[in-house]
1. Would you mind checking the tilt of helix 38-60 against the longest principal axis of the Cα atoms of the chain, expressed as 0 to 90 degrees and rounded to 10?
2. Quick one: V51, V103, V124, fewest Cβ neighbours within 10 Å first, how do they rank?
3. Show that you can apply the helix-only estimate: for the chain, add -39,500 (n - 2.57) for every DSSP H stretch of four or more residues, divide by all residues, and state [θ] at 222 nm to the nearest 500.
4. From the P(r) of segment 14-63, could you give the percentage of C-alpha pairs in the tail past 13 Å?
5. How big is the Cα convex hull of segment 15-133 in projection, averaged over all directions, in nm²?
6. Calculate how steeply helix 64-78 sits against the longest principal axis of the alpha-carbon atoms of the chain, using the helix alpha-carbon long axis, and give the answer as 0 to 90 degrees to the nearest 10.
7. So what is the relative contact order for the chain, in percent, with contacts set as C-alpha pairs under 8 Å and at least six apart?
8. So which trypsin sites (Lys or Arg not before Pro) in segment 1-94 are both in a DSSP loop and have at most 14 other Cβ atoms within 10 Å of their Cβ?
Amino acid sequence: MKHGIAHRKLNRTSEHRAAMFKNMLCSLMDKESLQTTLVKAKDLRPLAEKVITLGKRYQEAATAAERLHLRRQTIQKIGCEKTASKVLTTLADLFKERKGGYVRITKNGFRYGDSAPMAVISFVEFSEASDAKISY
């Protein structure tokens with residue numbers, strides 16, 4: 001039975017999968033958008049949204065100990081201290097009023113070599129700003 005299966009295996013070991021998603025999360029937070037396969041983007045979305053929520057909780061924290069704990073949790077999930085600082089300051093401020101749904105997945109055709117469905121995962125605020133600049 002397939003009850004309670006939350007994540008895809010992606011034909012990788014659990015250590016490889018965790019490292020891959022940590023690297024993808026760091027790149028997404030650093031560059032604000034990322035092109036990957038559709039399946040990986042769908043698995044990355046909840047991780048990215050949880051990290052942004054950690055950043056929002058960091059901004060609302062009352063005590064220094066609470067802020068330190070949330071900062072360490074963010075660094076642990078992202079794996080990059082510089083990018084974690086960006087999440088805790090810039091991105092948390094950007095999504096202060098938003099309740100959820102910080103990340104958007106846009107389908108982007110198929111990859112040339114193996115016809116894998118591709119997608120662009122980006123933050124909603126940044127993609128709305130970039131959509132306005134595009135003229136056809």
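1. Here the helix axis deviates by roughly 10 degrees.
2. In order of increasing Cβ crowding within 10 Å: V124, V103, V51.
3. -17000 deg cm²/dmol
4. Of all Cα-Cα distances in segment 14-63, 62 percent exceed 13 Å.
5. Averaging across all directions leaves 8.2 nm² for the Cα convex hull.
6. 20
7. Across the chain, relative contact order equals 29 percent.
8. Values: sites: K2, R8, K9, R12, R17, K22, K31, K40, K42, K50, K56, R57, R67, R71, R72, K77, K82, K86; in loops: K2, R8, K9, R12.
In loop regions of segment 1-94 (DSSP not H, G, I, E or B), the sparsely surrounded trypsin sites (Lys or Arg not before Pro) are K2, R8, K9, R12.
A short reminder: the numbers here are calculations on the coordinates, not readings from a lab. Every value quoted in this text rests on a predicted model; they were computed, and no experiment measured them. Here Cβ is always computed from backbone atoms with ideal geometry, including for glycine, and neighbour counts include all displayed protein chains.
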